[in-house]
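One structure below.
The values are calculated or read from the model by the stated rules, or taken from the named source; none is laboratory data. Nothing here was measured: the structure is a model prediction, and the numbers come from that model. Cβ atoms come from the backbone with ideal geometry, glycine included; neighbour counts cover every protein chain shown. In case anyone asks, the SASA skips ligands and DNA or RNA and just uses the protein heavy atoms, side chains included. Shrake-Rupley method; radii C 1.70, N 1.55, O 1.52, S 1.80 Å.
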Amino acid sequence: MRILKNTFYFVALLISFISCSSDDVTPELTGVRSELSFTKDATSQKLTFKTNVKWTVSSSAAWCTVSPASGEAGIAQVEVSVTENTATEPRETILTVTAQGITEQVKVTQAQTNVLIVENKAYTVKTEGESITVKLQVSDSYQITINDSWITQTDTKAVSNKEEVFVIPANKNVLERTGTITIKLASITEKITITQPGISASTAADNTGMGSDAKDLAKKMALGWNLGNTLEAIGGETAWGNPKATEALIKAVKAQGINAIRIPCAWSGYIENTNTFRIKDSWLERVKEVVDYCVNNDMYAILNIHWDGGWLENNPTKNKQAEVNKKQKALWTQIAAYFREYDEHLLFAGTNEVHVSDVYSDPTAENLEVQHSYNQTFVDAVRATGGRNTYRNLIVQAYNTNIGFGVKYMKVSADATPNRMMVEVHYYDPYNFTLDEHTGGTGINLWGKAYEAFGKIDNWGQEDYLAETFADTKKAFVDKGYPVILGEFGALRRATLTGTMLEKHLESRAYYIKMVTSTAKKNGMVPFYWDNGPYQNLASGIFNRKTGTVDDELIMNALKEGATTSYPY
């Protein structure tokens, strides 16, 4: 009996000792993260911590649960799970981790469901332009991308359910335009489409400021100059080595007595819709700037479709006729309507040097017929736009603008408006002197009978040929009521020559320019000198394009002297 009592006493003492030992342990709780972040989706993450005593974890929100919620001493790993957040606001709760009086809190955040609602995704705005208000419902910050330069945004504010205002300027093209605005919020993207109809393709005839017929207007153009290798440069205005044209340059040109500028222009590379051939607004605006440099300074401007990559110029053939005429009509309808409000200071020239690859062979009947159709398409397209274009003076080209082909073959386009048509030819004869890039050999450095004593001149194309050819041109066109635009002429500068040969070359070159200018005006042809830019060897530039200063005084003076000749009308 005594042994049993002693046994009970020992067990009680042991229990008491164990109990006292447990109470004496200092609890620890380490490694508890301060925050857990969740996306909007239903998902889970591990919460890991370490303690030397029993622990519990509780959540203050029903959408956030933990498992297990309690456990023994050691390294604990708890699964924290959240339901999907379908609200448009983020939410948060607190997890409480407890270990014998030690408490740590874990902030649990969950992102909201992204919301981007655009009330209206398609707008049709007025031709004359207007503002549109786009109403949005959003849950977070968003980005706006305007995909077309003609659309502008008035203000971008912070996040809210809000409105965005966009300004649409007038559409000055006859073709409608479509633009897009992209709004992106996280992974959500919405696109807004804006459609704007174009101006009327035809308006009532208007003769305001259009009083001069072809002869009257030609007589007003004393001397012309080409803004060459600039707006017609393929790849952009500066692609062929010249700087962008400026009003300062045009004013400098005018200060030398030049009052007419031919603006060779490319269009095909600026088409934004190959189905409609719609020209980019930005390019029309840039061409307008250059035209305005001229017109606003009381100068005459000729705007054309130049080489333009060859789609028009290299294809006077039946198999290309329909395709080219379709594009020719579309482009000239746009160009003519866009510039319809200009007075008689602006003239249009339909093409440039349309020809097959062999530029020296006589054209076939097919070549002539197709090339003539391109001229007629131009005239008809311009006249159809009405307004001042009903009376605008238009310029049509000879085959390859070759002066001899013009006299021999050219048929002037039919025109519903009488006495408003001019003909264009170019003159680079003799080629070996004017354009052959070789110095010596096939290249001939001198022109004019008086210079034969100093070296070789060509056996044709001298003064007598010039006088006869221009007289034939007068008889073929001017005497029949069609003034002639001598759209290009010039001669390369062979600056690598030295000594007396260089001196005589430059003198004879100036003499050539003076004689062509004088003979042209004598025969009713308006002379436009070809200036391709830089003053250097094998170039024809007169002006420094950056400063406007005259780099080639000899040629400038030759032009001025030749231009003193009067027209025969």
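Overview of values
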| read-out | value |
| --- | --- |
| Relative contact order [Cα under 8 Å, 6+ residues apart], region 33-134, whole percent | 31 percent |
| Exposure rule at most 11 other beta-carbon atoms within 10 Å, DSSP loop GluC sites (Glu not before Pro): the chain longest free segment | 120-436 |
| Neighbourhood net charge (10 Å Cβ-Cβ; Lys/Arg +1, Asp/Glu -1) for Gln45 | +1 |
| Of Leu231, Gly257, Tyr270, farthest towards positive along the dipole that unit charges on Lys, Arg, Asp, Glu beta carbons give region 214-285 | Gly257 |
| At R0 = 45 Å, FRET efficiency that the Cβ-Cβ distance of Tyr360 and Asp206 yields, to 0.05 | 0.55 |
| Listed candidates (1) -0.39; (2) -0.31; (3) -0.49 - label of the one calculated as log10 I(q)/I(0) by the Debye sum over Cα atoms at q = 0.06 Å⁻¹ | (3) |
| Qualifying trypsin sites (Lys or Arg not before Pro) for region 120-179 [loop in DSSP, other Cβ within 10 Å: at most 14] | Lys121, Lys126, Lys157, Lys162 |
| Per residue value of the accessible surface for the chain (all protein chains in place, 1.4 Å probe), Å² | 45 Å² |
| Antiparallel bridges, percent of DSSP beta bridges restricted to the chain (to nearest 5) | 60 percent |
| Cα centre as origin, Lys/Arg/Asp/Glu Cβ charges: region 46-110 dipole, Debye | 180 debye |
| Relative contact order of region 332-429, defined on C-alpha pairs under 8 angstrom at six or more residues apart (%) | 34 percent |
| Cα pair distances in region 448-499, grouped into 5 Å bins until the bin that holds the longest one, percent each | 4, 14, 16, 22, 16, 12, 8, 5, 2, 0 |
| Computed [θ] at 222 nm, deg cm²/dmol, the chain (DSSP H ≥ 4; -39,500 (n - 2.57); rounded to nearest 500) | -8500 deg cm²/dmol |
| Unit charges on C-beta of K, R, D, E only; dipole of region 281-341, Debye | 480 debye |
| Whole-angstrom gap from region 87-153 to region 168-208, using each part's C-alpha centre | 29 Å |
| Charge sum, other residues only, whose C-beta stays under 13 Å from Gln77's C-beta, Lys/Arg counted +1 and Asp/Glu -1 | +1 |
| Net charge of neighbours whose Cβ lies under 11 Å from the Cβ of Thr124, counting Lys and Arg as +1 and Asp and Glu as -1 | -1 |
| Magnitude of the charge dipole, the chain, Cβ model with Lys/Arg +1 and Asp/Glu -1, debye to 20 | 500 debye |
| Principal-axis tilt of helix 318-338 within the chain, Cα atoms, nearest 10 degrees | 80 degrees |
| Estimated Rh, region 160-253: Kirkwood, alpha-carbon pairs, angstrom | 19.4 Å |
| Dipole-positive endmost among Val138, Gln110, Asn120 within region 105-151 (Cβ charges, Cα centre) | Gln110 |
| Normalised contact order of the chain, rounded percent, pairs of Cα under 8 Å and 6 or more residues apart | 10 percent |
| Probe 1.4 Å, all protein chains present, accessible-area order of Val165, Val25, largest first | Val25, Val165 |
